[in-house]
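Reviewing the structure listed below.
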Amino acid sequence: MVFEAAKSVRLIEAFATAIPLRDVPAYLCATQNQVEILYRVDLLQPLIPRTGRGSVRHVVFARSHLEELLNKVTELPVLDETTAGEFHPISYACQRGAGRFEDLFADVLDGKVQGFRRFDKVGIGAIEVDVRSLIAMKKSA
């Protein structure tokens with residue numbers, strides 16, 4: 001069998017630096033439940049697709065894939081301290097009826113919902129949204 005070297009090296013590097021599912025919450029600064037939700041709806045893609053034989057046993061994620069997700073979060077505008085009181089973490093917004101976590105998270109990253117990040121936090125835990133406006137928008141829809 002012949003393998004293309006460029007593709008093989010990238011795959012080997014991805015496996016060498018892969019992060020197991022149990023360590024992803026700490027890496028993304030998210031809760032275990034949030035990571036499981038993102039994994040279930042395919043926003044977090046494992047190195048080996050779930051349809052593969054034995055793929056469910058040792059779920060690992062490429063560090064580069066997780067870094068791309070974190071980079072999207074760091075591209076969000078920093079929350080201004082003067083308006084910080086109006087904004088809350090994305091998990092709080094979901095608990096208050098702003099929508100499902102996976103939908104709200106995807107909408108913030110896509111720019112459909114205005115989201116900010118706290119300068120003193122990193123990862124998913126740094127994302128903040130205006131809960132009142134989200135709930136009002138949902139009620140009017």
Original post:
On a 0 to 90 degree scale, rounded to 10, what angle separates helix 101-110 from the longest Cα axis of the chain?
Top reply: 90
Original post:
Going by the alpha-carbon gyration tensor, a ≥ b ≥ c the square roots of its eigenvalues, is region 1-44 rounded (a/c under 1.5) or, if a/c is not under 1.5, prolate (a/b greater than b/c) versus oblate?
Top reply: prolate
Original post:
What shape does the chain take by its C-alpha gyration tensor, where a ≥ b ≥ c are the square roots of the eigenvalues and a/c under 1.5 counts as rounded, a/b above b/c as prolate, and the rest as oblate?
Top reply: prolate
Original post:
Ignoring any ligand, DNA or RNA, what whole percent of the accessible area of the chain comes from carbon and sulfur when the probe is 1.4 angstrom?
Top reply: 54
Original post:
Roughly how many Å² is the accessible area per residue of the chain, as a whole number, for a 1.4 Å probe?
Top reply: 65
Subject >> Whole-angstrom gap from region 89-141 to region 1-36, using each part's C-alpha centre >> reply: 27
Original post:
Tally Lys/Arg at +1 and Asp/Glu at -1 over every other residue whose Cβ is under 13 Å from the Cβ of residue 124; what's the total?
Top reply: +1
Original post:
What's the local net charge at residue 79, with K and R +1, D and E -1, over the other residues with C-beta under 12 Å away?
Top reply: -3
**OP:** Rounded to whole Å and sorted largest first, list the principal axis extents of the Cα atoms in region 76-141.
**Re:** 33, 23, 20
**OP:** May I ask you to evaluate 6.51 cos²θ - 1.76 cosθ + 1.60, the Karplus curve with θ = phi - 60°, for each residue of region 120-132 and list the ³J(HN,Hα) values in order in whole Hz, giving x for glycine and proline?
**Re:** 8, 10, 10, x, 5, x, 8, 6, 10, 9, 8, 5, 4
Original post:
How far is helix 63-74 tilted off the main Cα axis of the chain, in degrees rounded to 10, range 0 to 90?
Top reply: 20
Subject >> Percent RCO, i.e. relative contact order, over the chain, from Cα pairs under 8 Å lying at least 6 residues apart >> reply: 24
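The values are calculated or read from the model by the stated rules, or taken from the named source; none is laboratory data. Values in this document were obtained by computation on a predicted structure and should not be read as measured data. Please note: Cβ atoms are built from the backbone with ideal geometry, for glycine as well, and neighbour counts cover all protein chains shown. Ligands, DNA and RNA are excluded from the accessible area calculation, which covers all protein heavy atoms including side chains. Shrake-Rupley method; radii C 1.70, N 1.55, O 1.52, S 1.80 Å.
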